[in-house]
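Below is one structure, written out as structure tokens; comments come after it.
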Amino acid sequence: MRLDRIELVRCQLCGRAGGDSPALDGLMWSCPECGFVWTARQAPPPEELYDEDYFATGGYDDYFRAQPRRFEAARRLRWLLSVVRPTVLLEAGCAGGYFLEAAHRAGLTASGIEISEAASRFARDHLHMPVRTGHFETIAPTLTADTICAFHVLEHVEDPRAFLHTAHTTLTPGGWLALEVPNIASAAARRLGTAWPGLQPRYHRWHFTPTTLTQLLHQSGFDVIRQDTVFSRFYWRPAARLRHARDLLIADVAASGSPRVTHPQLGDLLRIIARRDDRSMS
Ligand SMILES: [Zn+2]
């Protein structure tokens, strides 16, 4: 029993075992060695979690609404293209397919892998995007890509190391990996504690900071080329931004000391563009 318990609290990032460091009312574990944070309770398998309800309820009610998704997709693509010129792009966890649609419209060859049957069907039937249904770790190795994108995926997967290993082996030498995840080192996460919307303990197993995600990427054979954070309002269309301004803008501006929507560390969402490092790999 004791051994099981020690195994249970082994840090996935630095390997430290046996430390008890519950955080955020016991919802999370926080490694006292490296600061990595993860959800204490074991989640159900992804097949059970990401059913139609996931995309229809619990804050995802607008998941398939075109306007906000297209706005978000356009911003993500602009960010990606500011660093990378993709030839063959693969998106892990492409949900309803709006980012793929934006990529296609920009003339890129792009396809997706999505675990949710409902979301991948929407992407195929309504947006006519090439999307395979299933696990990225199973399907991606049968494909090849010079750019892999995963927006709000890594915090959901059962094993982030296995996910990054798959990305590494699927990419061509020197290929690019673009990630976006909630930032638990954000001003809002610190301010709101268990009320922080990025926490979502039912769905989010892993919580990254600029430091811990960079460390995990290095361990997985990637060089970080670009890293910043954006505040949630970055993805809101101007009308929504105005509606929420009083709630968040004032607190975020006070925390970051600036009205900018990007910040090196304090924004709600952490963005990283990394490159497959072939020097350290055999
Ligand atoms: Zn650790």
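Computed from the coordinates by the stated procedures, all read-outs in this text should not be read as laboratory data. No experiment lies behind these values; they were computed from the predicted model shown. Please note: Cβ atoms are built from the backbone with ideal geometry, for glycine as well, and neighbour counts cover all protein chains shown.
Would you mind pulling out the separation of the Cα centroids of segment 8-37 and segment 171-238, in Å? So the separation of the two Cα centres works out to 18 Å.
Taking amide H atoms as placed 1.01 Å from N in the peptide plane, the amide H of Val131 lies under 5 Å from those of Gly112, each 5 or more residues away in sequence or on another chain.
Under the definition of Cα pairs under 8 Å and six or more residues apart, what whole-number percent is the relative contact order of the chain? The partial results should precede the final answer.
Details: 515 pairs, mean separation 47.3, N = 282.
That works out to 17 percent.
Protection proxy ranking, highest mean first, for peptides 260-273, 85-98: 85-98, 260-273, where packing is the per-residue count of other beta-carbon atoms within 10 Å, averaged.
Counting DSSP beta bridges with both partners in the chain, what percentage is antiparallel, nearest 5? Intermediate results must be reported in sequence, preceding the final value.
Values: 24 of 42 bridges.
Given both bridge residues lie in the chain, the antiparallel proportion sits at roughly 55 percent.
Modelled spin-label separation between Arg226 and Arg190, with each label point placed 7 Å from Cα along the Cα-to-Cβ direction: 2.6 nm. Among the cysteines of the chain, those whose beta-carbon sits 4.7 Å or more from every other cysteine beta-carbon are Cys94, Cys149.
Using C-alpha pairs below 8 Å separated by at least 6 residues, the relative contact order for segment 170-241 is 24 percent. Modelled label positions at Thr144 and Arg41, each set 7 Å beyond Cα in the direction of Cβ, lie 4.5 nm from each other. The modelled label-to-label distance between Arg279 and Leu81, using points 7 Å beyond Cα along the C-beta direction, is 3.1 nm.
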